[in-house]
Amino acid sequence: MKRFCLFAVLLLAVLPFSSIKGQDIKFNPKFDAVSEEEVKMTSYPRDTSAAAVVIYKELTRTVYVSPGFDFFLKKINRYRFKVLKETAKNIGDFEIIYRTDGEMSEKIQDIKVTTYNWENGKVVKTKMGKEFIFDQKYSENAKRISFSAQNVKVGSVIEVTYERLNKHYWDIGDITFQGSIPVNCAEAKVTYPEWLVFNAMSQGLKLYSYNQSYETSRLVLGAGKYADYNSLQNNYRAVNIPALKAEGNVYCISQFYSAVSYELAALRLPGQVPKTVAYQWSDVDKRIMESDIFSELNSGCKFKDEVDPIKKSDKPFLEKVVAIRNIVTQKVKWNKKIRLVPKSASSVLKESSGSNADINALVGSALKYAGFSVTPVTVKLRTRGELQDFHIALDAFDTFILKVASDKGDVLMLDAAFSSGYVNIFPYTYLVPKARQIVKEQSIRPWIDLTSLTKNQTSYNVQAKLDEDGLLTGTMKIEAIGEESMYLKEFYKSYDEKEKLYAVFEKNNSYTVVDMTAKNMDEYTPDCSITMQFESQMQTTEDRIYLKPIIENIHSEGRYKSETRSVPVDFPYRETTVYNMTVEIPEGYEIEQMPSNASVGAMKVDSKVDIVYKKTDDGRKIEVSYRYMLNDMYVDPHNYQDYRRYWMQLVKLEKETIVLKKKN
């Protein structure tokens, strides 16, 4: 929470505040009132790189009340887009998931889509017909409606409007003014009866103006009776909002958009005691405890015959857990879906495949049968934004992993579905500082940090020989542990032919792969390795060889080219990279120039690089030792320039050259 709020303050120093007096593109806000000037417009002056611009966005959120004091929520969304480049032609494609389960059912209605083009000296309108609206089943309790603007081309203006009606009066949700493309003008109106109390929380920069008013309404109760009440109306307007585009090492750019988020806090109905309804984490815990997560974890083990020998064996705790995990995953394959709530074990076993939640539930019940303590730990993935204490929602989490403990107090974390991972090794989207274990005991601290469970390291060991023509040949062994092993495995397995894999290595580096072998790429292990024979041609002159000892492109020079940054840098995980090289120099040559040993660190981020050059006593071999360490997960925008300076220094160190001179 502190990190997120700090970012909002820091960003004020990075992005200029947009004017709220008047938008650049003049327009008539009425639907179907697109002007000739809007259609003939070819670029957006404030951002000439923009592929599209939102000319106008209007969001209306209204909570209505019935005579029986039932509340209804109507959401009206209106958009007017301008397509400026080919890459934005799909901006008029919409897909909406809505509920169909009884009292919670929703309606999507009044869909209107019109495309405007400049053709033969006039504006031509193309209205989307009903045949282009597709309403299909999405799941047991939901449907998916999709529709697309027609005749879209570069230069088109697209208008879209639709309504969403339901009884989810508490779910006003987010009013978002900013996005990945610039916004010329956005207006929003949120109206609800005085009997409802909402908290409105600002997100990102406050790039909008705001005013509040009240209006009196009359509720007809029947039999000549009525009730007058006030409705609160919040009005927002934002103009000339810059795009906030995704950058490297940002996993959820939308959490930094300028927006207002609404959350129901209390009900104050006439004649009733006021009731606080804002959720606490205990409410979230209770809902999860009542879900199928606990019922499936506590169901009987479905693999007793296979687990019994492991249960009775003298194997160490870790080996038992891995063996039981492997039994389940040999019978149930992961379908690549990440879910929070598992399906019934019987249906999963029948299909022989399931989501990570399905597999974790089966493994968890088997581990319990083996005598271990198993606790579900819920995770909000980094791709969905940072978990915020001030905005507690029942759907706060995306999935769960297993916390497994032995009777001796040994503890490990596990998502059994990922074959490239291992115990305590997860995809980087799982590595959050606040995951929540769901326990009934009040004495147990619920929050768990998943960012420091393992040591993550890649090691390069190079043994090479340089000949008098400058050809460097040798062997390089790449060993990876922890998170690094997971991603090296996935990278390796993504190529079905060795030649393609070789080509990728060669494209990114300055050597040619002669041969390659790999270890543990298909095994459930915490480590893996690649050993390759290579050759690399060094630059030469008549009497000199220019040796670049670091032949692997460890860090990319282009990663942080931008001089400024408006959003934080989120690293996948803490890591260490070690590169050791021993190279034999050719007969008749001596070292003329060798770079100085160096140690470079960032001032505001816990990261440093050390590099040491040595030669053997007989001068026949050169030894290079390089070590990079990153012990932080995050860089604030105001520290970005310091980190970028450091990055450029370390990239320069990796490109240093040793000069060898032919002896007289």
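Computed values, structure above
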| quantity | calculated |
| --- | --- |
| One residue from Ala223, Ala246, Ala259, Ala200 being farther than 30 Å from Ile25 by Cα and of a type in the set (Gly, Ala, Ser) | Ala223 |
| Hits in the range 572-608 - residues which are part of a strand (DSSP E or B), aliphatic (A, V, I, L, M) and within 25 Å of Ile478 (Cβ to Cβ) | Val578, Met581, Val583, Ala598, Val600 |
| Condition met for Val63 (over 31 Å from the mean Cα position of the chain (by Cα) and surrounded by 17 or more Cβ atoms within 10 Å (Cβ to Cβ)) | yes |
| Cβ pairs under 9 Å, 6+ apart, first in the range 153-178 and at positive phi, second assigned to a strand (DSSP E or B) and modelled with pLDDT of 95 or more | Gly155/Lys82; Gly155/Val83; Gly155/Asn117; Gly155/Trp118; Gly173/Arg61; Gly173/Lys75 |
| Given (1) part of a loop (DSSP other than H, G, I, E, B); (2) touching a residue at least 60 places away in the same chain (Cβ under 8 Å); (3) out of contact with any strand residue (DSSP E or B) (no Cβ under 6 Å at 6 or more places or on another chain), index of the condition Lys315 fails | (2) |
| Options Tyr64, Tyr116, Tyr56: the member that is out of contact with any Cys (no Cβ under 8 Å at 6 or more places or on another chain), in contact (Cβ under 8 Å) with a residue 60 or more places away in the chain and either not aliphatic (A, V, I, L, M) or not in a strand (DSSP E or B) (or both) | Tyr116 |
| Criterion (farther than 30 Å from Asn424 by Cα and either part of a helix (DSSP H, G or I) or modelled with pLDDT of 95 or more (or both)) met by exactly one of Val513, Val504 | Val513 |
| Which numbered condition Glu623 misses (of (1) within 20 Å of Asn461 (Cβ to Cβ); (2) of a type outside the set (Ser, Thr, Tyr); (3) surrounded by 15 or more Cβ atoms within 10 Å (Cβ to Cβ)) | (3) |
| Number of the condition not met by Ala366 [criteria: (1) in contact with a Cys (Cβ under 6 Å, 6 or more places away or on another chain); (2) of a type in the set (A, V, I, L, M, F, W, C); (3) without any contact (Cβ under 8 Å) to a residue 24 or more places away in the chain] | (3) |
| Evaluation of Phe147 against (1) within 28 Å of Val53 (Cα to Cα); (2) part of a loop (DSSP other than H, G, I, E, B); (3) aromatic (Phe, Trp, Tyr) (one fails), failing number | (2) |
| Qualifying residue in the range 264-282 (condition: assigned to a strand (DSSP E or B), under 32 Å from the mean Cα position of the chain (by Cα) and at pLDDT below 95) | yes |
| Candidate set from the range 220-263 (those that are more than 28 Å from the chain's Cα centre (by Cα) and among the aromatic types (Phe, Trp, Tyr)); member that is surrounded by the fewest Cβ atoms within 10 Å (Cβ to Cβ) | Tyr226 |
| Members of the range 400-414 found to be small (Gly, Ala, Ser) and touching a helix residue (DSSP H, G or I) at 6+ places or on another chain (Cβ under 7 Å), listed by number | Ser406 |
| Unique residue being assigned by TED's automatic domain parsing to the domain that holds Thr176 and in a helix (DSSP H, G or I) when the list is Ile97, Ile108, Ile91 | Ile91 |
| Residues (polar (S, T, N, Q) and surrounded by 16 or more Cβ atoms within 10 Å (Cβ to Cβ)) located in the range 581-607 | Thr582, Ser607 |
| Where Asp305 falls short, out of the listed (1) within 18 Å of Ala417 (Cα to Cα); (2) without any contact (Cβ under 8 Å) to a residue 12 or more places away in the chain | (1) |
| Residue identified as exposed (fewer than 15 other Cβ atoms within 10 Å of the Cβ), charged (D, E, K, R) and touching a residue at least 24 places away in the same chain (Cβ under 8 Å) among Asp522, Asp515, Asp570, Asp496 | Asp522 |
| Output for the range 201-218, where each listed residue is outside any loop (DSSP other than H, G, I, E, B) and surrounded by 16 or more Cβ atoms within 10 Å (Cβ to Cβ) | Gln203 |
| Residue in the range 535-552 that is within 24 Å of Ala480 (Cβ to Cβ) and under 29 Å from the mean Cα position of the chain (by Cα) present | yes |
| The range 266-285 residues that are touching a residue at least 24 places away in the same chain (Cβ under 8 Å) and of a type in the set (Lys, Arg), paired with ones that are part of a loop (DSSP other than H, G, I, E, B) and exposed (fewer than 13 other Cβ atoms within 10 Å of the Cβ) (beta carbon under 7 Å, 6 or more apart) | Arg268/Pro274 |
| All strands (runs of 3 or more DSSP E) inside the range 318-429 with 1 or more residues being within 23 Å of Glu441 (Cα to Cα) and polar (S, T, N, Q) | 373-379, 399-405 |
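Here's the yes/no breakdown for (1) surrounded by fewer than 18 Cβ atoms within 10 Å (Cβ to Cβ); (2) modelled with pLDDT of 95 or more; (3) among the hydroxyl-bearing types (Ser, Thr, Tyr); (4) under 22 Å from Met633 (Cβ atoms):
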position: Ala393; (1), (2), (3), (4): yes, no, no, no
position: Phe397; (1), (2), (3), (4): no, no, no, yes
position: Leu402; (1), (2), (3), (4): no, yes, no, no
position: Ala405; (1), (2), (3), (4): yes, yes, no, no
position: Val411; (1), (2), (3), (4): yes, yes, no, yes
position: Leu414; (1), (2), (3), (4): no, yes, no, yes
position: Phe418; (1), (2), (3), (4): no, yes, no, yes
position: Tyr430; (1), (2), (3), (4): no, yes, yes, yes
position: Ile438; (1), (2), (3), (4): no, no, no, no
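The values are calculated or read from the model by the stated rules, or taken from the named source; none is laboratory data. Predicted model, so just to flag it, every value in this text is computed and none were measured. In this analysis, Cβ positions are derived from the backbone assuming ideal geometry, glycine residues included, and neighbour counts consider all displayed protein chains.
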